[in-house]
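A short write-up of the structure that comes next.
Just so you know, all these numbers are worked out from the coordinates, no wet-lab data involved. Note that this is a predicted model, so its numbers are computed, not measured. Here the Cβ positions follow ideal geometry from the backbone for every residue, glycine too, while neighbour counts run over all protein chains shown.
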Amino acid sequence: MSSKELEQALRNTLNRGTKLFIPYIMAGDGEGGVSNLENRIRFLAEAGASAVELGIPFSDPVADGPTIQEAGLRSLANGTKLQSVFDALQQFKEKSPIPIIFMTYINPIFKYGIDAFFEECATSGVSGIIIPDLPMEEEQLVHPACKRNSIALVRLAAMTSTKERISELAKRSEGFLYAVSVTGTTGARAEHASNIGDYLQELKEISTVPVLAGFGVSDADQAKHLGSFCDGVIVGSTIVRLFNEEKEDEIKQLIQNSVICETSV
Amino acid sequence: MTTYTNPDKTGRYGTFGGRFVPELLMPALIELEKAYEDAVADPAFKEELNKYLAEYVGRETPLFHAKNLSEQLGGPDIYLKREDLNHTGAHKINNALGQALLTLRMGKKKVVAETGAGQHGVATATACALLGLECVIFMGDEDIRRQKLNVFRMELLGAKVHGVSSGSATLKDAVNEAMRYWVSNVEDTHYILGTAAGPHPFPYIVRELQAVIGTEAKKQIIEQTGKLPDAVVACLGGGSNAIGMFYPFIDDSSVKIYGVEAGGHGIETNEHAATLVAGETGILHGTLTRLLQDDDGQIREAVSISAGLDYPGIGPEHSHLQEIGRVQYDSITDEEALEAFQLLSQTEGIIPALESSHAVAFTLKLAKKMKKGETIVVCLSGRGDKDVEQVKARLEGK
């Protein structure tokens, strides 16, 4: 699925009056390592996810809190390699039922070889990439290769970003705009800043692509609340935790309770 | 002759450097860059810093002619730049104090820092106590075990010390946690990064604050010998004392410059911290540099007897200086460093930090290839009080 097709797929969901819900899973975490990847992606698609954010483990994930950090370490202990993730994705009998967006740090990409990495993304059905430690000042390192392979480079906006930066990020983002909704790392939060609604609405107004809120979104109430200001949410740590605790039913409930029909609001 | 002018506006030293950090931190890095530019342009900042350096830190530090050691080796004259005589016992205070003053200029009241051997943590806690800043320090559990005395010193100085149990529980992991803490508290907190690594402008600011070492050493050696040295030597983990010593000599082409990494159990064992000698190009802790990594881009754990050197990355400027061939980098094993630790203690009555012992050990080898009448200036980056317990246990075979 190309960068444009990713955006279109998300828009199609929105056009049906449904907010977006993108769960994050760590590739190679859990029983069977990467061999469970296809099952998990199919499960999430059936549960109502709009796309899946697939984490590639990295030894030093400075933007992540303990839950995802530990999932990464479990995955590495399972022997997960970048190549094994690509191989697992390529073994899908037909293409993935929902768009797959990679999330990883810049070093594994750099080490794999930037051109080779994005070529492999394209042949593995990956349609977008989120790189939390690649600000726009450094994105030229990967952006030409993303473009050549039609992989959406999803930009992240932060609550600390200045107005000028936010507007530049909104202009540049591909696929969707990732609105980091906390000042901090990934992980569950009891509450969000009081001005979160203004921040998300501002992004929504200036962005030409869908805006999703992520980081610190841990339950359906928060998902609905944040989703009311933008196009939907990304939920990471809670999904990772529930998979680890083998509580798939709760994942299903979380997705279904979070994805609200706009017409019913 | 071209003059060395790195970094450029994007924080690049040749192909190395840059700013690979979450968007959340970008405004803080831009603010820091601006604050430093303003500070440098403000004579009052320089005056205040220099006053503290002279009256509180005890600068300038002596350049000591190590006659006994020189005579024993029978070759060049060896001079020690005594950063170990600084207040708090290492070069780290030069940077910590400068950045603590910057913290105040930015209107921030809190500081976070990481520490390996504890010297940077102690220096930061000291500067914070002096200037009335709140201080949080992250330190790997393994380093806490190795450096109990420094943990106590930090706490005594009013800092909160958090142990880090992830990864190798050493400096790399402490940097990760300090960065996470900074990401979460960036609005009122400055991260006093302890070495010349990390995202721009840290490598630049740390170099500028540590260049006092080389500037003084250059003036002092000329005063004492009437000429530039033939060689300068410093140890490096992240590389702050080394870049501070090297920078003022970069344009002096007659001066050979040597950086000494921790060879741990030996380069061939893969258990070492010799990033430049045996590493590869990659991106860690916000900067594109040489580092220790596996085939999949996962960062490898560094190994060294010296808690301050076992870092799998290196300041980007060192990667550049290696690439352009201006500085030669080599490594020294744990055993060689331990021998030098004892030798310097016995010949000159100076107990060096294990970090600095690497530089001394390399100097012993270098001296054999040099002639009488030539001179070597070695940066003695810190004193060894913090290491005596660990060395005692090692020598007694525990």
On alpha carbon coordinates alone, what is the Rg over Rh value for the protein assembly as shown, Rh being the Kirkwood radius? 1.01
Using alpha-carbon positions, the gyration tensor of region B:302-398 gives root eigenvalues a ≥ b ≥ c; with a/c under 1.5 called rounded, otherwise prolate if a/b exceeds b/c, else oblate, the class is oblate
Selection of GluC sites (Glu not before Pro), region A:1-32, meeting DSSP coil and at most 15 other Cβ within 10 Å: A:31
With +1 on each Lys and Arg Cβ and -1 on each Asp and Glu Cβ, and nothing else charged, work out how big the dipole of the protein assembly as shown is about its Cα centre, in Debye to the nearest 20. 780 debye
From Cα pairs below 8 angstrom and at least 6 apart in sequence, can you work out the relative contact order of chain B, rounded to a whole percent? 20 percent
Would you work out if region B:1-123 is rounded, prolate or oblate? Take a ≥ b ≥ c from the square roots of the eigenvalues of the alpha-carbon gyration tensor; rounded if a/c is under 1.5, else prolate when a/b is larger than b/c, oblate otherwise. prolate
Just the number, please: Stokes-Einstein D of region A:102-183 in µm²/s, Kirkwood Rh from C-alpha pairs, 4 °C, 1.567 mPa s. 100 µm²/s
Give the distance, in whole Å, between the Cα centre of region B:331-398 and the Cα centre of region A:78-153. 47 Å
Dipole size in debye (nearest 20) for region A:167-226 around its Cα centre, Lys and Arg Cβ +1, Asp and Glu Cβ -1? 120 debye
Given B:183, B:257, B:267, which one lies farthest toward the positive end of the charge dipole of region B:179-278, if we put +1 on the Cβ of every Lys and Arg and -1 on the Cβ of every Asp and Glu? B:257
Coil-residue trypsin sites (Lys or Arg not before Pro) of region A:1-67, DSSP, other Cβ within 10 Å capped at 15: A:16
Rg(Cα)/(2.2 N^0.38 Å) for region B:190-335, N = residue count: 1.04
Inter-centroid distance (Cα atoms) of region B:220-278 relative to region B:5-78, Å: 15 Å
Based solely on its DSSP helices, what 222 nm [θ] is calculated for the protein assembly as shown when runs of n ≥ 4 H residues each add -39,500 (n - 2.57) and the sum is averaged over all residues, nearest 500 deg cm²/dmol? -13000 deg cm²/dmol
Cβ-Cβ FRET estimate between residue B:50 and residue B:10, R0 fixed at 30 Å, reported to 0.05: 0.50
Taking every residue in B:163-176, how many Cβ atoms of other protein chains lie within 10 Å of its Cβ, on average? 2
Based on other C-beta atoms within 10 Å, arrange B:326, B:145 from fewest to most. B:145, B:326
Evaluated at 25 °C and 0.890 mPa s, the Stokes-Einstein D of chain B based on the Kirkwood radius over Cα pairs, in µm²/s, stands at 119 µm²/s
If you put +1 on each Lys and Arg Cβ and -1 on each Asp and Glu Cβ, how big is the dipole of region A:30-152 around its Cα centre, in Debye rounded to 20? 360 debye
quick shape note, chain A: Cα extents on principal axes in Å, largest first -> 42, 42, 33
I need the helices of chain A that pass two filters: whole DSSP H segments spanning 20 Å or more by Cα along the axis, and mean Kyte-Doolittle score no lower than -0.5. none
Describe numerically, in nm with one decimal, the distance between label points set 7 Å from Cα along Cα→Cβ at residue B:347 and at residue A:12. 7.6 nm
For region A:11-94, the Debye formula with one identical point scatterer on each Cα and no solvent gives log10 I(q)/I(0) at q = 0.14, 0.15, 0.16 Å⁻¹ as -0.52, -0.59, -0.66
